[in-house]
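Enquirer: One structure is given below, represented as structure tokens, and several questions about it will come after.
The values are calculated or read from the model by the stated rules, or taken from the named source; none is laboratory data. No experiment lies behind these values; they were computed from the predicted model shown. Cβ placement follows ideal geometry from the backbone for every residue including glycine, while neighbour counts extend to all protein chains displayed. Quick note on the areas: whole protein, heavy atoms, side chains included, nothing else; ligands and nucleic acids left out. Shrake-Rupley method; radii C 1.70, N 1.55, O 1.52, S 1.80 Å.
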Amino acid sequence: MTEEINELIKNEYEAGFVTDVESETLPPGLNEDVIRFISSKKNEPEWLLEWRLKAFHVWKEMDEPTWAHVQYPEINFQDVSYYSAPKSMDDRPKSLDEVDPELLKTYEKLGIPLHEQAALAGVAVDVVFDSVSVVTTFREKLKEAGVIFMPISEAVHEHPDLVKKYLGSVVPQKDNYYAALNCAVFSDGSFVYIPKGVRCPMELSTYFRINEQSTGQFERTLIIAEEGSHVSYLEGCTAPMRDENQLHAAVVELVALDNAEIKYSTVQNWYPGDAEGKGGIYNFVTKRGVCHTNAKISWTQVETGSAVTWKYPSCILKGDNSVGEFYSVALTNNFQQADTGTKMIHLGKNTKSTIITKGISAGKSQNAYRGLVRMNPGAEGARNYTQCDSLLIGDKCGAHTFPYIESKHPSAVIEHEATTSKVSDDQLFLCQQRGIDVEKAVSMIVNGFCKEVFKELPMEFAVEAGKLLEVSLEGSVG
Amino acid sequence: MLSIKNLQAKVEEKDIIKGLNLNIKPGEVHAIMGPNGAGKSTLGNVLSGREGYEVTGGSVEFLGKDLLDFEPEERAREGLFLAFQYPVEIPGVSNLEFLKASVDAVREHRGQDPLDSVSFLKLAREKCKAVNLDQNFLKRGVNEGFSGGEKKRNEIMQMMLLEPSLCILDETDSGLDIDALQVVADGVNSQRSVDRSFIVVTHYQRLLDYIVPDYVHVLANGRIVKSGGKELALELEEKGYSWIDEEVV
Amino acid sequence: MTEASTQTLDYASQALSLAQSVEGPEWLSGLRKDGQQSFEGHAWPTRKTEHWKYTNLSALNKQNYAQLVANDSVALTDSEAQQLYLIADLDAVQLVFVNGHFSETLSSEIDLDSVEVVRFSQADEDQRSVISDNLGQITLNEEHIFSALNAGQLDDGVLIRFLKNKKTETAIQVVHLTTAQSQSFSVNARLLVVSEAGSQGVVVESFVSDDASQTAIVNSITECRIDDNSKLFHYRLQLEQEDAIHIGGMHVQLNAGSQLESFHVGLGGKVKRVDVVVNHEGSGAHCDLKGVYLPKNSQHIDYHTCIEHKVPHCTTSEVFRGIIANQAKAVFNGRIHIHPDAQKTLAELNNRNLLLSNKAEINTKPELEIYADDVRCAHGATIAQLDDNAMNYMLSRGIGRQEAEVMMSFGFINELLNGLAHHPIQEKLRPILADLFGKDDSLTRHLL
Ligand SMILES: Nc1ncnc2c1ncn2[C@@H]1O[C@H](COP(=O)(O)OP(=O)(O)OP(=O)(O)O)[C@@H](O)[C@H]1O
Ligand SMILES: [Mg+2]
């Protein structure tokens, strides 16, 4: 039976094709000049260049973290190219019709036909290709509601006060090694601002894609939800097949002011490497949100891609009664390694957090949950509930749980539970006996296992996520 | 003994008791019946002072004192006893030490000396026997792993030990087999006296064959909507509650 | 003290020089050397060392431990000393060490035909070979700096050997009593338990002290080899005075079909840290590990447990509970590691904590590391308040709030005591633990 499952989980990476667009890429290497180049390319104001340089100096003093349960050859940060933009970008498309048809075809192959998806689902899409935003649809409609949704490179010029105020306010430059690197070299990303009391009229969405060889992608997302506002943001990621490893070190900062709510959903499908463990994205991401009084931040992620994932979307529950949530499905196959989880830092009174994670390990992969729940001395009446479940498929993989639980308040209540199970021969046999083939059975069991998380995803994403899991587990059989 | 006037109470921001009146004289037995969710258990919890049950209006006088002034443990010491519908398990705390702590607290309040361990043990064993519980139950954790019926008998045993003035029995009959029902009823009847009153919450007329009430009340939607003699229970058994609604409206 | 304060008071170098000056049996010198070497290879633990993240060892640096004390100034009478560790009604014999020195007068004559109990220094040829074959085989000095140090300072120790296919009802109690001295000093304690195939035995490790301010640092390492189909009951009672420093470990090898029932109790200390490592090396082994920790005032206690499932068909059940009062701090790290071959493992860990004050602190980390698919593993950790429903029930029976709190807190611990196979140990511990919960008799009077 294990044999059959192994067959099943051999999958092909559907997003693995290279887009043939002429692009302008900086030669590999990182120094002050590279940073000045990136900054000048974007016509950035002086303060931002200074900010980048400061981060660069901080970064040079830091060591790459080694505590995660992942192993990969040392990265030579001088072998990475820190800027790549499709050439045709200089005369940017004004509307979708003007977008390079090659690009649009790429998105179609990825299953995101821009026109349709935008029209049907009413989704506004900001597309980040390698490092620059290609186009943002539906900007006009959002503008009416007062919502700002644009590439961060433009926001720097159009809304400098907001960017200056909030950039680095949640994830400071010296936060960690990869965040510092991102601060120094980030090239683009999304900027979202929801004014006071506004419910964003549609889901906002960004697709990231790494295309160029040997490029790193360092996008930066900043979402500010003013008092009493509400936004749901979706993020999807893909990259083509490459033999060598590519680097992705993004930073996402969320600010939920009093009574605001941010829902941030990710479907991450970076290229995971081939069945021999060759190639694939190194995904080192820092995502963090701060919740003010009565605010709520909810992270939902479906992680199926990347060779190495290092990612802990976190909430700082600063305001009283604020709420943090983390729902995660992480699937690893072949030689993938994931070390992912969350941090819930309870500072305010009666703050609440919920963590539900589902780890699925197959092939020879290693899948770890790492989490921190901390109740600070002020966290009177705070609550946390954590449930971490692991599912193992096959006997060559690993599933790990490393929860750090710290409490300094007697009235704070923390409950943590973790379980491990496998897709059992009995379950499979039962399905077969009822006429369901093994492939379908495994996919049903895995989908059932992830249900609690999928129901947190926006509708159109839930379907995509379900399909993605199926693709990741499906194979040549049948 | 007990005089409830226009009592109103809420739980979790929800009004449950909405102007309830009830008068109980020493020695009387009052049965309270009523549909699920009517507020019967809530009444017991409010009277015993449970945290989270907020009195928003009305008054309760118990043995000449304002009951609502007291902390839950003071009410118990004053002689109010609630036999819970769902007695809670307290693992690790032995039934015996729990009972002794309780009896000592009540005795102290009455100005009596605490019982020494030997006489207490003797007394506790006696009461165990009276409700047909094995003595092993004294050593186990409070209600820990007790069956539904055993928990109910443990409640009655506590009532016998504490000798309260007012006993509120919240569905003490549910989950009991016929023999246990007889045991519980005998226990209660043995405690009936001129200066001890009972509120018996039940869904079944059957219990009232054993413990014959002086009055029967119907509690619905947070109020007593009908009162009568013991015949009322029979009528309810036959017709259910819906006819009362019509009558009230 | 004046003399001491002029020196650099770095514990690591003191400990090493102390190790180099130890005079022990020649036949143990190899182990000693290896231990010293391994110790030198370790970086001194800091907050950045994952397994010492929450336990600060700086308290060790403040004293001068560079000397061993002679066993001369013990202020206790024999019967006072016995009060501290004797367990009424327990069928037991004692080996007693006072400030690290063997006490003839306090120790029992041991004459049992199912077990051999001997100090390393007194071991005969046969026993020496048992010691040489086993000592240091289960501890991993490269992973545990204090077990390396313990080996490096090895001067003597105790061998308990439960003989093949024999059942020993009499508990073997090894006692370490420390008393306040004018000079700071260190105690290096080593225990080797060999449970031969088919044997059964009971070992009680007691660590006690007199009431005065403690000046000792105790490093106590216990190794147990539990052979096929044998069973060991083990109790480790760390009841020393509250400013004691104790760093220790218990390292177990479980062979096929063997069973371990191990119970730990730790009152807090200035620094207390115990590593419990259980290696399932033979199929069908079972480990039942329980523990309670109860620090108060400014004490610190840290239990690190690690269960290594290396072979198929083994089971582990682990339960640790803690109550942390005042400004005390507790650390619990429970790791379960399922190796690739350990199919059909059943392993469960449960850790529950109560914080009694808003200055108290708990850091807990239950870890699962799993490399086999056909296993059932679970862990749970909670930090909670006393149950509201239970509190309500007690109040409604007239019990005062404070007393109810004490009774329920004690119940939380008592639940584990109730499961102990040896009732006299329950009876010994109950009053000691009950005592922790109330300064006031009126609150604890119903606990016993
Ligand atoms: N702690 C609570 N939180 C929220 N609602 C509550 C709580 N306690 C009671 N209620 C609600 O109050 C109402 C009355 O409940 P109560 O338990 O008093 O009913 P009851 O008459 O005893 O019913 P039953 O016959 O089923 O025992 C119900 O709707 C119940 O759900
Ligand atoms: Mg009820």
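Enquirer: If a residue has to be part of a loop (DSSP other than H, G, I, E, B) and either open to solvent by less than 40 Å² (accessible area, probe 1.4 Å) or facing chain A (nearest Cβ under 7 Å) (or both) to count, how many in the stretch C:377-387 make the cut? Full working, then the answer.
Expert: Looking only at the stretch C:377-387, we keep the residues that are part of a loop (DSSP other than H, G, I, E, B), and these are C:385-387.
From the residues that got through so far, the ones that are either open to solvent by less than 40 Å² (accessible area, probe 1.4 Å) or facing chain A (nearest Cβ under 7 Å) (or both) too are C:385.
Qualifying residue count for the region: 1.
Let's see how each residue does on (1) closer than 15 Å to B:ILE168 by Cα; (2) more than 13 Å from ligand 2 (Cβ to nearest atom); (3) within 14 Å of chain C (Cβ to nearest Cβ):
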{"position": "B:GLY27", "(1), (2), (3)": "yes, yes, no"}
{"position": "B:MET33", "(1), (2), (3)": "yes, no, no"}
{"position": "B:GLY37", "(1), (2), (3)": "no, no, no"}
{"position": "B:SER41", "(1), (2), (3)": "yes, no, yes"}
{"position": "B:ASN45", "(1), (2), (3)": "yes, no, yes"}
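Enquirer: Another question, if that's okay. For the stretch B:71-87, which residues satisfy the criterion of being more than 7 Å from every other protein chain (Cβ to nearest Cβ), in a helix (DSSP H, G or I) and buried (at least 24 other Cβ atoms within 10 Å of the Cβ)?
Expert: Within the stretch B:71-87, B:ARG75 is the sole residue that qualifies.
Enquirer: Can you tell me which residue within the stretch B:4-17, out of those that are open to solvent by less than 70 Å² (accessible area, probe 1.4 Å), more than 16 Å from ligand 2 (Cβ to nearest atom) and within 23 Å of B:TYR241 (Cα to Cα), is farthest from the other protein chains (Cβ to nearest Cβ)? Give the steps one after another, and end with the answer.
Expert: Step one: of the stretch B:4-17, the residues open to solvent by less than 70 Å² (accessible area, probe 1.4 Å) are B:4, B:7-11, B:16-17.
With the extra rule that they be more than 16 Å from ligand 2 (Cβ to nearest atom), the set shrinks to B:4, B:7-8, B:10.
Now restrict to residues that are within 23 Å of B:TYR241 (Cα to Cα): B:7-8.
On the way: B:LEU7: 18, B:GLN8: 21 Å.
Checking each candidate, the answer is B:GLN8.
Enquirer: For the stretch C:344-375, enumerate the residues that are open to solvent by 40 Å² or more (accessible area, probe 1.4 Å) and more than 7 Å from chain A (Cβ to nearest Cβ). Walk me through how you get there before you give the answer.
Expert: Narrowing the stretch C:344-375 to residues open to solvent by 40 Å² or more (accessible area, probe 1.4 Å): C:344, C:346, C:348, C:350, C:352, C:356, C:358-359, C:371, C:374.
Hits for the stretch C:344-375 are C:LYS344, C:LEU346, C:GLU348, C:ASN350, C:ARG352, C:LYS359.
Enquirer: Of the residues that sit in the stretch B:159-195 and are more than 16 Å from ligand 1 (Cβ to nearest atom) and assigned to a loop (DSSP other than H, G, I, E, B), which one is most open to solvent (accessible area, probe 1.4 Å)? I'd like the intermediate steps shown before the answer.
Expert: So the first thing to find is which residues in the stretch B:159-195 are more than 16 Å from ligand 1 (Cβ to nearest atom), and the list is B:159-167, B:177-195.
Narrowing further to those that are assigned to a loop (DSSP other than H, G, I, E, B): B:163-165, B:177, B:192, B:194-195.
Working: B:GLU163: 99, B:PRO164: 7, B:SER165: 29, B:ASP177: 94, B:ARG192: 82, B:VAL194: 126, B:ASP195: 99 Å².
It comes out as B:VAL194.
So that you can scan it fast, the table gives a plain yes or no per residue for (1) open to solvent by 40 Å² or more (accessible area, probe 1.4 Å); (2) assigned to a strand (DSSP E or B):
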site	(1), (2)
A:ASP339	no, yes
A:MET344	no, yes
A:ASN367	no, yes
A:TYR385	yes, yes
A:ASP389	no, yes
A:PRO403	no, yes
A:HIS409	no, no
A:SER421	yes, yes
A:LEU428	no, no
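Enquirer: Within the stretch C:250-266, which residues are without any contact (Cβ under 8 Å) to a residue 60 or more places away in the chain, touching a strand residue (DSSP E or B) at 6+ places or on another chain (Cβ under 9 Å) and open to solvent by 10 Å² or more (accessible area, probe 1.4 Å)? Let's see the steps before the verdict.
Expert: At the first step, the residues of the stretch C:250-266 found to be without any contact (Cβ under 8 Å) to a residue 60 or more places away in the chain are C:250, C:255-257, C:259-260, C:262, C:264, C:266.
Then drop every residue that is not touching a strand residue (DSSP E or B) at 6+ places or on another chain (Cβ under 9 Å), which leaves C:250, C:255, C:257, C:259-260, C:262, C:264, C:266.
Scanning the stretch C:250-266 gives C:ASN255, C:GLY257, C:GLN259.
Enquirer: Give the stretch B:88-97 a look and list any residue that's within 21 Å of B:ASP170 (Cα to Cα) and facing chain C (nearest Cβ under 7 Å), or say none.
Expert: Of everything in the stretch B:88-97, those that are within 21 Å of B:ASP170 (Cα to Cα) and facing chain C (nearest Cβ under 7 Å) turn out to be B:VAL88, B:ILE90.
Enquirer: Which of the residues belonging to the stretch C:92-125 are farther than 13 Å from C:ILE160 by Cα and exposed (fewer than 12 other Cβ atoms within 10 Å of the Cβ)? Talk me through it step by step, then tell me what you get.
Expert: Keep residues of the stretch C:92-125 that are farther than 13 Å from C:ILE160 by Cα, which gives C:92, C:96-109, C:121, C:124-125.
Hits for the stretch C:92-125 are C:GLU104, C:THR105, C:GLU109, C:ASP124, C:GLU125.
Enquirer: Take the residues of the stretch C:273-308 that are basic (Lys, Arg) and modelled with pLDDT of 95 or more: which is farthest from C:LEU232 (Cα to Cα)? Spell out how you get there, then give the answer.
Expert: Just the residues of the stretch C:273-308 that are basic (Lys, Arg), to begin with: C:273, C:290, C:296.
Next, from what is left, pick out any that are modelled with pLDDT of 95 or more: C:273, C:290.
On the way: C:ARG273: 23, C:LYS290: 14 Å.
So, considering only residues that are basic (Lys, Arg) and modelled with pLDDT of 95 or more, the one farthest from C:LEU232 (Cα to Cα) is C:ARG273.
Enquirer: Somewhere in the stretch B:200-207, is a residue touching a residue at least 40 places away in the same chain (Cβ under 8 Å) and either within 14 Å of chain C (Cβ to nearest Cβ) or away from ligand 2 (no atom under 16 Å from the Cβ) (or both)?
Expert: For the stretch B:200-207, residues touching a residue at least 40 places away in the same chain (Cβ under 8 Å) and either within 14 Å of chain C (Cβ to nearest Cβ) or away from ligand 2 (no atom under 16 Å from the Cβ) (or both): absent.
Enquirer: Here's another thing I want to ask about it. Can you tell which of C:GLY411, C:GLY400 is of a type outside the set (Asp, Glu), in contact with a Gly (Cβ under 8 Å, 6 or more places away or on another chain) and either within 10 Å of another protein chain (Cβ to nearest Cβ) or open to solvent by less than 30 Å² (accessible area, probe 1.4 Å) (or both)?
Expert: Values: C:GLY400 fails: in contact with a Gly (Cβ under 8 Å, 6 or more places away or on another chain).
It is C:GLY411.
Enquirer: A further question on this structure: Name the single residue, out of those in the stretch B:47-68 being among the charged types (D, E, K, R) and at pLDDT below 90, that is nearest to ligand 2 (Cβ to nearest atom). Outline the logic, then answer.
Expert: Of the residues in the stretch B:47-68, the ones among the charged types (D, E, K, R) are B:50-51, B:54, B:61, B:65-66.
Subsequent filtering for residues that are at pLDDT below 90 retains B:50-51.
On the way: B:ARG50: 13, B:GLU51: 18 Å.
If we take residues in the stretch B:47-68 being among the charged types (D, E, K, R) and at pLDDT below 90, then B:ARG50 is nearest to ligand 2 (Cβ to nearest atom).
Enquirer: One residue is enough: does the stretch B:123-140 have a residue meeting the conditions open to solvent by less than 10 Å² (accessible area, probe 1.4 Å) and not hydrophobic (A, V, I, L, M, F, W, C)?
Expert: No, there is no match, as no residue in the stretch B:123-140 is open to solvent by less than 10 Å² (accessible area, probe 1.4 Å) and not hydrophobic (A, V, I, L, M, F, W, C).
Enquirer: What do you reckon, is B:ARG75 of a type in the set (Lys, Arg), out of contact with any strand residue (DSSP E or B) (no Cβ under 9 Å at 6 or more places or on another chain), away from ligand 1 (no atom under 16 Å from the Cβ) and at negative phi?
Expert: Details: of a type in the set (Lys, Arg): yes; out of contact with any strand residue (DSSP E or B) (no Cβ under 9 Å at 6 or more places or on another chain): no; away from ligand 1 (no atom under 16 Å from the Cβ): yes; at negative phi: yes.
The answer is no for B:ARG75.
Enquirer: Now, a different point. Could you list all residues from the stretch C:207-223 that are farther than 15 Å from C:GLY100 by Cβ and open to solvent by 10 Å² or more (accessible area, probe 1.4 Å)?
Expert: Filtering the stretch C:207-223 for residues farther than 15 Å from C:GLY100 by Cβ gives C:211-213, C:222-223.
The answer is C:ASP211, C:ALA212, C:SER213.
Enquirer: Can we say B:ALA105 is away from ligand 1 (no atom under 15 Å from the Cβ), surrounded by 20 or more Cβ atoms within 10 Å (Cβ to Cβ) and under 27 Å from C:GLY400 (Cβ atoms)?
Expert: Values: away from ligand 1 (no atom under 15 Å from the Cβ): yes; surrounded by 20 or more Cβ atoms within 10 Å (Cβ to Cβ): yes; under 27 Å from C:GLY400 (Cβ atoms): yes.
Judged against the criteria, B:ALA105 is a match.
Enquirer: Another one. Hey, could you check the stretch B:108-120 for residues that are open to solvent by 50 Å² or more (accessible area, probe 1.4 Å) and of a type outside the set (S, T, N, Q) and say which is nearest to the other protein chains (Cβ to nearest Cβ)? I'd like the intermediate steps shown before the answer.
Expert: Initial filter on the stretch B:108-120 (open to solvent by 50 Å² or more (accessible area, probe 1.4 Å)): B:108-114, B:116-118.
Okay, now just the ones that are also of a type outside the set (S, T, N, Q), so B:108-111, B:113-114, B:116, B:118.
Details: B:GLU108: 9, B:HIS109: 7, B:ARG110: 10, B:GLY111: 14, B:ASP113: 14, B:PRO114: 9, B:ASP116: 12, B:VAL118: 14 Å.
Only one residue fits best here, namely B:HIS109.
Enquirer: Here's something else I'd like to know. Right, C:PHE233: assigned by TED's automatic domain parsing to the domain that holds C:VAL118 and surrounded by 22 or more Cβ atoms within 10 Å (Cβ to Cβ) or not?
Expert: So C:PHE233 does not fit the description; no.
Enquirer: Looking at (1) open to solvent by less than 40 Å² (accessible area, probe 1.4 Å); (2) not in a helix (DSSP H, G or I), which is the one condition that is false for C:LEU60?
Expert: Going through (1) open to solvent by less than 40 Å² (accessible area, probe 1.4 Å); (2) not in a helix (DSSP H, G or I) one by one, C:LEU60 breaks only (2).
Enquirer: Follow-up. Which number in (1) of a type in the set (Val, Ile, Thr); (2) closer than 16 Å to C:ILE247 by Cα; (3) crowded, with 21+ Cβ neighbours inside 10 Å marks the one condition that C:VAL204 misses?
Expert: Every condition holds for C:VAL204 apart from (2).
Enquirer: Right, here's the next one. Give the number of residues within the stretch A:287-313 that are more than 20 Å from A:ILE360 (Cβ to Cβ) and open to solvent by 10 Å² or more (accessible area, probe 1.4 Å).
Expert: First pass over the stretch A:287-313, keeping only residues more than 20 Å from A:ILE360 (Cβ to Cβ): A:287-298.
Restricting the remaining residues to those that are open to solvent by 10 Å² or more (accessible area, probe 1.4 Å) gives A:288, A:290, A:292-294, A:296.
Result for the stretch A:287-313: 6.
Enquirer: Any idea how many residues of the stretch B:23-54 are more than 13 Å from ligand 1 (Cβ to nearest atom), buried (at least 20 other Cβ atoms within 10 Å of the Cβ) and part of a strand (DSSP E or B)?
Expert: Here is the first cut: in the stretch B:23-54, the residues more than 13 Å from ligand 1 (Cβ to nearest atom) are B:23-31, B:49.
With the extra rule that they be buried (at least 20 other Cβ atoms within 10 Å of the Cβ), the set shrinks to B:29-31, B:49.
Within this subset, residues satisfying the condition of being part of a strand (DSSP E or B) are B:29-31.
Qualifying residue count, the stretch B:23-54: 3.
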